[in-house]
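What follows is one structure encoded as structure tokens, with my remarks underneath.
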Ligand SMILES: [Zn+2]
């Protein structure tokens, strides 16, 4: 595989910051801001769209941890994030990467959002309404992502078992108590 990210990950020669089962976050060696970090999938996925949906939650967790870390340790007052998908969008390596840019008080571009290099285009309400209609989709969340996780099922089973055990125990205790009562009664009767 001649993918640079795949080679880097395999070599282990990364300035690693954080690792999860499917992602690795490491320092960009050609940063535009101090602490610029790349969050990259360990497996080769060409771009954001080709990431399996079940990995998206993990990606968000990793990215959020990276952002929090940068904000607290580098005293970056702001953080911008970008994903370039496709060569035309500036994606240089065809392997998914999310770029985290720490933003600092002293930088020349402070306060400018990452999308600001796009010049505003001419449009009107009618055109925008048409566009919204064209782009509107009904998002159907697949059953796969709605299925409870294995651990969840196990813990539910465990709590079911616990309930059963509790009931059994309570039952036993009750029968013991009634037995005790009856024997006590008998004893009492006998003593009297
Ligand atoms: Zn790759």
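Every read-out reported here was derived from the displayed coordinates using simple, explicitly stated rules and does not represent laboratory data. Predicted, not measured: the structure shown is a model, and the values here were computed from it. Every residue, glycine among them, receives a Cβ derived from its backbone with ideal geometry; neighbour counts consider all protein chains shown.
Evaluate E = 1/(1 + (r/R0)^6) for residue 69 and residue 129, where r is the Cβ-Cβ distance and R0 equals 41 Å; express this FRET efficiency to the nearest 0.05. So the FRET efficiency works out to roughly 0.45. The residue 105 and residue 19 beta-carbon pair, evaluated with R₀ = 45 Å, returns a calculated FRET efficiency of approximately 0.90. Please report the relative contact order for segment 1-105, taking Cα pairs under 8 Å with a sequence separation of at least 6, and give it as a percent rounded to a whole number. So the answer I get is 31 percent. If the segment from residue 161 to residue 2 were pulled out straight at 0.36 nm per residue, it would be longer than the present Cα-Cα gap by 52.0 nm. Only alpha carbons enter this Debye calculation for segment 4-115, each as an equal point scatterer, and the log10 of I(q)/I(0) it gives at q = 0.13 Å⁻¹ is -0.47. Summary of packing: across the peptides 105-114, 126-135, the per-residue average of other C-beta atoms within 10 Å ranks them, highest first, as 105-114, 126-135.
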